[in-house]
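K.L.:
First, the structure itself, so that you have it in front of you.
The values are calculated or read from the model by the stated rules, or taken from the named source; none is laboratory data. Since the model is a prediction, treat every value here as computed from it, not as a measurement. Neighbour counts are summed over all protein chains in view; Cβ atoms, including those assigned to glycine, are modelled from backbone coordinates with ideal geometry. We work out accessible area using only protein heavy atoms, side chains counted, and drop any ligands, DNA or RNA first. Shrake-Rupley method; radii C 1.70, N 1.55, O 1.52, S 1.80 Å.
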Amino acid sequence: MNIILLGAPGAGKGTQATRIEEEFGLTHVSTGDIFRRHMRQETPIGKKARSYIKKGQLVPDEVTIELVRTTLDELGNNNFMLDGFPRNINQAEALGKTSNIDCVIDISVDFGVLMDRICGRRSCLECGYTTHISVCPDGTCPKCGSELVQRMDDKEETVKQRLEVYKNETAPLVEYYTRLGKLRTVNGMKSPDEVFEEIKKVLK
Ligand code: AP5
Ligand code: MG
C-alpha cells in the first residue's frame, strides 16, 4: 500500500506518520525531514534548500521531485507513506507518472489553531520526538531526556508565509485527488489519538 498524508503546516502529518508507520509498517518519507537532514550535513541540496525553507517558500520542483523519485526507487516504489509531498499540482503529476497511490488522507484543520500548534512545536534532536511546549514546558524530551528545540521555520513571520503557500499551491491538491477518487478526509481538530483512530478506519 502507498499513501499520501495531505494537510496544512501543523495539521499533524508528522504526528500521525509516526503512528501509521508503527501500525501499518509503511516507510515514512517526509520531504521536510529529508531537507532538514541535508541542512544538518551541509550538503549542496541542504544549502540550496535552506535558502527557501528559512523564508517559508517551497524548494524548487526540480530539486524536490528528483529527491523523491530516487528515494522511492530505493524503496522499490512500494509500501511508502509520503508526508509533505506532493505540495503542488506539478509534483503530483510527476509522482503519478512513476508511482501508484492507493489513498490520500487529508488531515483537515481550522486555520485558527495552526499558528499556536506550529510556534509551540518542539522536537528532540536526539530521538526525533515531536511535542508541544505546553506539554513539555521545561524543554526536556519526555522520551529520552535530551533538549527540545524549535525548528528554524517555526517563527511567526515564516509560518504566515508557509500558510500562504499552502493555500495557493497545496490546497488545490484536495480537489485534484478528489477527482481521482483517492481522497479521504479525517478531522484533525480532535486529539492525536482520536485522529489516528479515524485514520485506522480509513486504512483497514
Ligand atoms: P515540512 O517539514 O513538510 O513542514 P509542513 O508541511 O509545513 O508541516 P509541519 O511539519 O510544520 O506540520 P505537520 O503537519 O507535520 O505537524 P506536526 O505533526 O509536526 O516542510 C518544511 C519546509 O520544507 C517547507 O516549508 C518547504 O520549504 C520545504 N519542503 C518540504 N516539502 C516540500 C516539497 N514537497 N516541495 C517543496 N518544498 C518542500 O504537528 C505540529 C504541532 O501540532 C506539534 O506541536 C504537535 O505536537 C501538535 N499537534 C499535532 N497533532 C495535534 C492534534 N491532533 N491536536 C493538537 N495538537 C496537535
Ligand atoms: Mg511535519
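K.L.:
Please report, largest first and rounded to whole Å, the three semi-axes of the ellipsoid equivalent to the stretch 5-159, where each semi-axis is the square root of five times an eigenvalue of the C-alpha gyration tensor.
P.N.:
Sorted largest first and rounded, they come to 25, 18, 16 Å.
K.L.:
Output the antiparallel fraction of DSSP beta bridges having both residues in the stretch 1-153, as a percent to the nearest 5.
P.N.:
If I count the DSSP bridges inside the stretch 1-153, around 35 percent turn out antiparallel.
K.L.:
Let me ask something additional. Return the whole-Å distance between the Cα centroid of the stretch 143-204 and the Cα centroid of the stretch 1-70.
P.N.:
Their Cα centres are 12 Å away from one another.
K.L.:
Can I ask one more? Can you give me the orientation-averaged projected area of the convex hull built on the Cα atoms of the stretch 137-204, in nm²? The partial results should precede the final answer.
P.N.:
Working: hull surface 28.9 nm².
Spelled out: convex hull of the Cα atoms, projected over all directions, averaged, 7.2 nm².
K.L.:
Rolling a 1.4 Å sphere over the protein heavy atoms, what is the accessible area per residue of the stretch 96-201, to the nearest Å²? Don't skip to the answer; put the middle values down first.
P.N.:
Working: 6110 Å² over 106 residues.
Accessible area per residue: 58 Å².
K.L.:
For all pairs of alpha-carbon atoms in the stretch 1-66, what percent lies in each bin of width 5 Å, listed from the first bin to the last filled one?
P.N.:
Values per bin, smallest distances first: 3, 15, 23, 22, 18, 14, 5, 0.
K.L.:
In whole angstrom, how long is each semi-axis of the equivalent ellipsoid of the stretch 86-140, when you take the square root of 5 times every eigenvalue of its Cα gyration tensor and sort them from largest down?
P.N.:
32, 16, 10
K.L.:
Oh, and also: Note down the net charge around Val159, summing +1 for each Lys or Arg and -1 for each Asp or Glu among other residues with Cβ under 11 Å from its Cβ.
P.N.:
0
K.L.:
Per 10 Å bin from zero, what fraction in whole % of the C-alpha pairs of the stretch 79-204 is there, up to the bin with the longest pair?
P.N.:
The percentages, shortest bin first, are 11, 33, 37, 18, 2.
K.L.:
Using a probe of 1.4 angstrom, how much of the accessible area of the chain is carbon and sulfur, in percent?
P.N.:
Details: 4960 of 10450 Å².
Summing carbon and sulfur atoms, their accessible area is 47 percent of the total for the chain.
K.L.:
Computed over the Cα atoms, what is the radius of gyration of the stretch 114-170 divided by 2.2 N^0.38 Å, N being its residue count?
P.N.:
Numbers: Rg = 12.7 Å, N = 57, 2.2 N^0.38 = 10.2 Å.
Cα-based Rg divided by the globular estimate yields 1.24.
K.L.:
With the radius of gyration and the Kirkwood radius both derived from the Cα set of the stretch 49-124, what is their ratio Rg to Rh?
P.N.:
Here the Rg-to-Rh quotient is 1.01.
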